[in-house]
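Below is one structure, written out as structure tokens, with a few remarks after it.
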Amino acid sequence: MAQSNLKVAIQKFGNFLSSMVMPNISAFIAWGLITALFIPTGFIPNESLSKLVDPMVTYLLPLLIGFTGGKIIYDQRGGVVGAIATMGVIVGSEIPMFLGAMIMGPLGGYLIKKFDQLIEGKIKAGFEMLVNNFSAGILGGLLSILSFLAIGPAVNAFSNWLMVGVNWLVGAGLLPLTSILIEPGKILFLNNAINHGILTPIGLEQAKQMGHSVLLLLEANPGPGLGVLLAYSIFGRGNAKRSAPGAAIIQFLGGIHEIYFPYILMRPMLFLAVILGGMSGVFTLVLLGGGLFAPSSPGSIIAITAVTPHRAGAFIANYSGILVAAVVSFVISSFVLKTSKQTEDDDIEEATKKMQAMKGKKSSVAGVLAVNNGILPNKVEKIYFACDAGMGSSAMGASLLRKKVKESGLNIAVTNTAISNLPPDAQIVITQDELTPRAQNKVPSAYHVSVDNFLSSPEYDNLIEKLKSPQNSTDGAVEEVEAVEQEKANESENDLLLEENVFLNKEFTNKEEAIRFAGRALVKAGYVKESYIDAMVVRDEMTSTYMGNDVAIPHGTEEAKKDVIKSGFTVIQVPNGVDFDGQKVRLIFGIAGKNGTHLEILSGIAVTCSDMDNIEKLVSAKTAREIIEMINIKSE
């Protein structure tokens, strides 16, 4: 248990460090290009323009990292204080202070956040701006002085100690051993901390003295990951084999090393392949005198070529180090894949989910509220429920929230949609916790609410309370939606749910068996084509269709909408339950939706199933008629 907690903590720490560096990679690229072009050994040496190089690496890059770290903690205000604090550590050190920026940026954001919480509600009206500006300035100034006097020299001493250690490793021929830490560190998302926090500052000092440094290529070497992906391309199975060639191109040319992490997580023995590949590559680089004169961001063969010194043998040395690392990694990976048990079910999807969980992208807390700046728009006109297809879980959630909105007297429209169809001006977006990152990428300016139970989330009531303010009042929005829904209801067919499509007292060994049963029932009833069944299974693999309260609503993907003949439902009662990714499901609603005509019945299901007493009644119902009447749907 303790080891598991430590692993999670390391993963979260690595992800946090990455989130400080990744938004600023473009600045690293700009600096790298200027360096590659204009320094005395560059492509087009220019004494005047080369003056940009030192100020950018000394001031610009650390300040950007410090600002980003503070902003992550406490938005713009935290970013400003973090940048001020970082300035002290920059001036108080003799080397580029990336590591110091990673410390002072978040610290500045954290302290100003705590200060604001301490004085919240205690400032007299009219003095808010004065207090805000002076508090940030005073705190930032104090942190800058502290970092100048203490943090900068401490980090500088630490870096000098590391430099002595690196020089000893080089002299003793032991530098390849660093791959034992670097390659697994990548999988734990510590690559930015290792590369930009430790290797880059020391490597730049070496580059100033020698014109290049092998340290700048230790973490950036794409060879180990390339070897793994090539092995999967030849000896892999299933989706892993089919996707590996494309991943290899992205990793090698695009420099996105994260893309090969899931392939290693599928076969942990492959850690040995990347470690030995990395060690072989480092040994080759040291032997041939390889290295770079600036960091390679990202670790692409193109970027590496751009910052390779223009001297005899430099390109051969670097390319050889990459090639040897790839070959060794490929040979070991091939052996692992050929000797280990593989099946067609070796799908990259599950490993990708594991990687996302490691990065902290998936929430593990029920009903977490994720927001931008914690502030609702002044006038909310519409709330979007979004899911992958926009016709199942989101429709149920929208129905339930729409009822709560009406009961609260708010004139706000509530609708459902696929994440891919979210409009750019969406104000409030509600998604399952697994889908929230996708929704945030699609509409970053919206106020995002993340839930893990569409049928019974306290965040609904929390959102309603936040919306109960005069500025969120709009005229006619709800009436417009009601008119549209009424029109759809008038067009709906009378056979959405028939008694013959309600199945009682069923048992299944696993969720796929249950989903396929629901799909076959939809096919038999004439609601969907046969191909829709596989799409239901794929949809659940992408994001679980478990909705909470012992209810699951399997349905097809967005692409499978073309396979829906007409809207319809099937209800499956499973008194003993079936496991849906660790959750017990006793009621399964198979869904086929076309042109929105299924929304009325979804609304009835959502309202009914939000109460656990109703769930118990549905599970214990003895006839199909009882179930149909409980969800307020009349059947012919």
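Quick notes on this one:
- Contour excess over end-to-end distance, with Cα ends at A30 and A312 and 0.36 nm allotted per residue: 98.9 nm
- Distance between modelled label sites at S50 and E120, nm, 7 Å Cα→Cβ extension: 5.4
- Gain on full stretching of the segment that runs from W161 to I249 - 0.36 nm per residue minus C-alpha separation: 27.9 nm
- If the segment from E530 to E626 were pulled out straight at 0.36 nm per residue, it would be longer than the present Cα-Cα gap by 31.6 nm.
- When only the Cβ of Lys, Arg, Asp and Glu is charged (+1, +1, -1, -1), the dipole of segment 499-630 relative to its Cα centre reaches about 360 debye.
- Electrostatic bookkeeping for I533 treats Lys and Arg as +1 and Asp and Glu as -1; over the other residues with beta carbon under 13 Å from its beta carbon, the sum is -1.
- With K and R counted +1 and D and E -1, the other residues having a Cβ less than 15 Å from that of P176 yield a net charge of -2.
- Amide H contacts of Y447 (H built 1.01 Å from N, in plane; Pro and chain starts excluded): I428, V429 sit under 5 Å, all sequence-distant by 5 or more or on other chains.
- Environment charge at I615 (Cβ cut-off 10 Å; Lys +1, Arg +1, Asp -1, Glu -1): -2
- Per-residue HN-Hα couplings for segment 120-126 [Karplus 6.51, -1.76, 1.60; θ = phi - 60°; Hz; x = Gly/Pro]: 4, x, 10, 9, 5, 4, x
- In a DSSP loop and with at most 13 other Cβ atoms within 10 Å, the chymotrypsin sites (Phe, Trp or Tyr not before Pro) in segment 111-148 are F127.
- Extreme residue, positive dipole direction of segment 499-630, given options S544, G519, V619 (C-beta unit charges): G519
Taken together, the values in this text are just the output of simple stated rules run on the coordinates, not laboratory data. Quick caveat, the model's predicted, so the values are computed rather than measured. FYI the Cβ positions are ideal-geometry reconstructions off the backbone, even for glycines, and counts take in every protein chain you see.
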